[in-house]
Amino acid sequence: MKEFVLYTGCTTPVRLPAYEAAITIVLEKLGVRLIPMKDANCCGAQYVESVSHTAFAAMSGRILAIAESMDRDILAVCGACSGSLKIVKHDLDHNPDLRAEVNDLLAEEGLKYTGTVEVKHLLQIFNEDIGYDAIKAAIVKPYNGVRLAAHYGCHVTRPPEIVQVDNPETPVIIDKIIEIAGATPVDYTGKTRCCGGPMLAMDQEVANKIGLDKIKNIRSERAQGIVTACVFCDIQLTQVQFGDTAGSEPKIPVLTLPQFLGPALGINFDKLGIQLNKISPEAILQVT
Amino acid sequence: MTERKAQAALVIGGGVAGMQAALDIANQGFKVYLVERTPSIGGRMAQIDKTFPTLDCSACILTPKLSEVSHHKHINLLTYSEVGSVTGKSGDFHVRIRRKARFVKEDLCSGCGDCAAECPTEVPNEFDMNIGFRKAIYIGFPQATPNVYTVDKENCINCGRCVKACQRNAIDMEMTDRTLDIHVGAIIIATGFELFDVSQYPRLGYGHYPNVIHAMEFERLINAAGPTHGHLVRLSDGRKPHSIGFVQCVGARDVQKGVPYCSRVCCMYSIKNAVMALEHYPDAEVSVYYADIRAFGKGFEEFYEMAKKRFGVRFVRGRVAEVMEGKNTGNLVVKVEDTESSTIRLVEHDMVVISPGIIPPEGMDTLATKMGIAKSDDGYVQIAHSFFGPTLTKVPGVFVCGCADGPKDIPDSVSAGSSAAMKATIILSKGGA
C-alpha cells in the first residue's frame, strides 16, 4: 500500500472537514494510506507570500522538512497549499541562498530541507499513483449519466511548468474521473477561469460577480452539480449561491471530487460527510 | 587573371526580398546563387491573397517575378537547399550548400502532375496552413517555382506508383542529399520571418475553438487557389460567417511574450482582410479590435479611412481579453474593454481571426553563428548602422534585407532587397574584396 503524508492545510479541517474525511476513506479504498502530519503550520499562501517571500519560503519549507523527517511524499489536498509547497520546493531547489536561510531557521527545531520529498495534489494521486484503470476496476455502483461540471482551481494547475498536475487550459483529470464513474462531464464557458475566491477578503462584490458568472455558465449547460478539487473553490462556489445577489434559481450542489467518487466505490454518505454540504448533493448522488 | 576574386553572390532566402536582391545583382551581369529552404521560391507573399493598400492580387504581381528568377541566365536557383558552412572573408567566401534530396530530378520533371494523381497518400498542405491537403509527392501551389515535384519521404509509403506513372523517369527514390561548394564575393541574408504562435495565448482560444483562425489561414481561405477555392467558411461546420472579429496585437507589443516590438504589418493586413471579408460577404458585420492603428505607409491612412467609411468596418479600440465559445453553436464571444467609452463589451461573432505578430524564423540562431553575424535583442539580424547601414551586417561582405533584420511590408522588403544588392555589387565590381 502506498503511503503519503497528509497535509491538510488550515482551511480544510476548519471549513470543509468533509473533504478531508472523504479523501482519507476514498484513497484507502483505492490502496493509498495517508499519515497525518503532526505539528504542521500554515503554508503561508498569498497572505504571508505577499508580505515576505522569505517568510513564506520558511513556512512552506517547514512543511517540506517535516515530511522529509517522516520519509514520505506529501499529499496536499488544498489547491493553494499544493501550489505553495510546489513553488517553494522549486525555489529552494534552485536558490541555494534561500535554502541556506530557510535551513538556518529550521535548524532551531532540528529540521532540515534537503529536497528529497515530492509534493502531490490529490489529482496527481488519482492520475499517477492510482491510475484510471484501477479507479475503473474499483467502481461498484456506477452513476447513471448525471451531468456534472468539473472545476479545477487556478493553483492546482498553475504555473504548469512547476506544479505539473494537468494542462491548465484544457485540464482533463476530474472530467475523466467523472466519466469513469458513469456520470457525464459537462464542458462550459470559462471552465479554467478563477472562481473569485481569493477576492473575497478584499472586494466581496467583485468576488461574487466572478463566482456567479461561473455558476451562470455552468447552469446554461444544464449541469446538475459541480465537482471541485480545491477547498477555496468549493467554498466560494457554494457561498455565491446564497445571499442577495444570488437570484432565485435552484442552487447547484457543489461537492468535492472524493465525495463524488465515494458513493460509486460503495462508500456510504455518512463516511463521506455528505450531510455537511451546504447544498445537499444527495439527489444527484443517488446511484442505481 | 587566374587569381580572380569571386564574381558571384549568394542570396539566402527566396522570398520577395531575396528574389529582388538576386534579380538586381544578376541584371548587372554577376552570377547569383539563390538558396531557398523549401521546394519553391515565393516565400510568404505567395501565400497571401491580396496586398495592401492597393488590393492587388498577390500571386498576380509575384508570379512574373518567380519566372523571371527561374529563367534568368545569371541566377542559379537552388531550392530545397540549405547553407552548410561558411568560411572566408568579404570578396572571398567559400560556402557549402546542402542540396536536400527531393527524389525528383529537376532537369527531367516537367511538373505535369501525373505522379501526384497516382499517389495514394494525402497529408495537410503546409502552403495552405494545413487546411487543405496535398499528396506525398507534391508541389505546394500551382505557380511553384521551379515547377518540379518533391517527395515528402516522411509521409511517403514507398508504394512506387508515382515512379511507374512518370513518363520521363524523373523520380529517383534512391536520391541522396548532395553538397555543392560555391565561391562567392558577397552574401545576402533574406531569410524572412515566422508568424508568432498564437496558441501561446490560450485565452484567445486558437487551437481549442475551430472558428478561431489566424490571419494567414484567413488568407488561404479567401484565396481562389486555396483549399476552399476562395469560399470563406467556418472550419467547424463549413457555414458562411456573418459576423467576423479581427483581434490585433497578438504576439506583438507584448513584453511578457518576449515580443516588445510592433510587427508593422498586422494593422494593415487586418484592415485589408476586413475589407476582403466584406468583398466576399457585403452583408457581413466586421469588427477590428485594435490597440491603435498604425497606418504609416504611403496610401495606408487613406485605405484605413476607406475601410471605415466605404466598407463600414467597425473599429473598436481595446485589446481583447478573452474569446469564449458557445458550446452548441460554435459561435464565439469576444470580451473586450472598449477604451473609447470605458465599457466592457461582450460581442458575438461566428468567426474570429487573430492577427499574429511576426518573429525571426526558425534556424536564425544557427545561421547567425555560421556567418558570425550579431543578432539584436529581439532575435533579428543586427544591422551595422540604424541610419546609414540598414542592409549592412557587422560582418563585411554579408548583407541583410527583408524581414531578416526586422518586420517589413512588401514595398519595404523590396527596397531593402535592392539596397542589399547594390551593396553586394559594389564588392563584386571591385573584383571581389
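The values are calculated or read from the model by the stated rules, or taken from the named source; none is laboratory data. Here the structure is a predicted model, which is why all the values come from computation and not from measurement. Note that we place each Cβ from the backbone using ideal geometry, even for glycine, and neighbour counts take in every protein chain shown.
Counting only residues that are more than 14 Å from chain B (Cβ to nearest Cβ), touching a Ser or Thr at 6+ places or on another chain (Cβ under 6 Å) and closer than 22 Å to A:VAL32 by Cα, the stretch A:141-182 holds 1 of them. On the given criteria, is A:LEU237 modelled with pLDDT of 95 or more, surrounded by 19 or more Cβ atoms within 10 Å (Cβ to Cβ) and closer than 25 Å to A:ALA137 by Cβ? Here the answer is no, as A:LEU237 does not meet what is asked. B:PRO396 meets the conditions (1) surrounded by 15 or more Cβ atoms within 10 Å (Cβ to Cβ); (2) not in a strand (DSSP E or B) in every case but one. The failed one is (1). Starting from residues that are among the aliphatic types (A, V, I, L, M) and in a strand (DSSP E or B), keep the ones in the stretch B:17-45 and report whichever is farthest from B:ALA225 (Cα to Cα). The extreme case among them is B:VAL32. Just the residues that are β-branched (Val, Ile, Thr) and not in a helix (DSSP H, G or I), please, taken from the stretch B:339-386. Those that are β-branched (Val, Ile, Thr) and not in a helix (DSSP H, G or I): B:THR339, B:THR343, B:ILE344, B:VAL347, B:VAL352, B:VAL353, B:ILE354, B:ILE358, B:ILE359, B:ILE373, B:VAL381, B:ILE383.
Checking each residue of the stretch B:28-47 against the condition of being surrounded by fewer than 17 Cβ atoms within 10 Å (Cβ to Cβ) and not β-branched (Val, Ile, Thr) gives at least one match.
Residues in the stretch A:35-58 that are aliphatic (A, V, I, L, M), buried (at least 22 other Cβ atoms within 10 Å of the Cβ) and outside any loop (DSSP other than H, G, I, E, B): 2 in all. Among the residues making up the stretch A:89-102, those that are without any contact (Cβ under 8 Å) to a residue 40 or more places away in the chain and either touching an Asp or Glu at 6+ places or on another chain (Cβ under 8 Å) or in a helix (DSSP H, G or I) (or both) are A:LYS89, A:ASP91, A:LEU92, A:ASP93, A:HIS94, A:PRO96, A:ASP97, A:ARG99, A:ALA100. Quick one: is A:ALA138 closer than 22 Å to A:ILE235 by Cβ and either buried (at least 23 other Cβ atoms within 10 Å of the Cβ) or away from every other protein chain (no Cβ under 14 Å) (or both)? Here the answer is no, as A:ALA138 does not meet what is asked. Screening B:LEU346 against (1) closer than 30 Å to B:GLU36 by Cβ; (2) at pLDDT 95 or above leaves a single unmet condition, (1). Residues in the stretch B:399-429 that are polar (S, T, N, Q) and either under 24 Å from B:GLY297 (Cα atoms) or in a loop (DSSP other than H, G, I, E, B) (or both): B:SER413, B:SER415, B:SER418, B:SER419. Determine whether A:LEU75 is assigned by TED's automatic domain parsing to the domain that holds A:THR12, within 29 Å of A:THR228 (Cα to Cα) and not in a helix (DSSP H, G or I). Answer is yes for this residue. Mind counting the residues in the stretch B:374-422 that are basic (Lys, Arg) and without any contact (Cβ under 8 Å) to a residue 24 or more places away in the chain? Counting residues in the stretch B:374-422 that are basic (Lys, Arg) and without any contact (Cβ under 8 Å) to a residue 24 or more places away in the chain gives 2.
Where helices (runs of 4 or more DSSP H) fall entirely within the stretch A:187-286, those with at least 1 residues that are within 14 Å of chain B (Cβ to nearest Cβ) and basic (Lys, Arg) are at A:204-220. Within the set B:THR393, B:THR369, the sole residue that is within 30 Å of B:THR51 (Cβ to Cβ) and of a type in the set (Val, Ile, Thr) turns out to be B:THR393.
Scanning the stretch B:154-204 for residues that are in contact (Cβ under 8 Å) with a residue 40 or more places away in the chain and of a type in the set (S, T, N, Q) turns up B:GLN167, B:ASN169, B:THR176, B:THR179, B:THR191, B:GLN200.
Checking B:TYR209, B:TYR149, B:TYR201 one by one, the residue that is within 14 Å of chain A (Cβ to nearest Cβ) and either within 24 Å of the chain's Cα centre (by Cα) or buried (at least 23 other Cβ atoms within 10 Å of the Cβ) (or both) is B:TYR201 and no other.
Can you tell me which residue is farthest from B:LYS240 (Cα to Cα) among those in the stretch B:298-333 that are of a type in the set (Lys, Arg), more than 14 Å from every other protein chain (Cβ to nearest Cβ) and without any contact (Cβ under 8 Å) to a residue 60 or more places away in the chain? Ranking the qualifying residues of the stretch B:298-333, first place goes to B:ARG317. Somewhere in the stretch B:314-330, is a residue under 30 Å from A:SER220 (Cα atoms), part of a loop (DSSP other than H, G, I, E, B) and of a type in the set (S, T, N, Q)? Yes, there is a match, as at least one residue in the stretch B:314-330 is under 30 Å from A:SER220 (Cα atoms), part of a loop (DSSP other than H, G, I, E, B) and of a type in the set (S, T, N, Q).
Looking at the stretch A:201-221, is at least one residue in contact with a strand residue (DSSP E or B) (Cβ under 6 Å, 6 or more places away or on another chain), of a type in the set (A, V, I, L, M) and more than 23 Å from A:ILE284 (Cα to Cα)? No, that holds for no residue. Applying the set (1) in a helix (DSSP H, G or I); (2) at positive phi to B:LYS164 leaves exactly one unmet item: (2). When residues in the stretch B:91-140 are screened for being farther than 27 Å from B:THR179 by Cα and either of a type in the set (A, V, I, L, M) or modelled with pLDDT under 95 (or both), 6 of them pass. On inspection, B:ILE187 fails the criterion of being touching an Asp or Glu at 6+ places or on another chain (Cβ under 8 Å) and buried (at least 23 other Cβ atoms within 10 Å of the Cβ).
So B:VAL336 clears everything in (1) part of a loop (DSSP other than H, G, I, E, B); (2) more than 14 Å from every other protein chain (Cβ to nearest Cβ) except one condition, right? Which one? Looking at each condition in turn, B:VAL336 falls short on (1).
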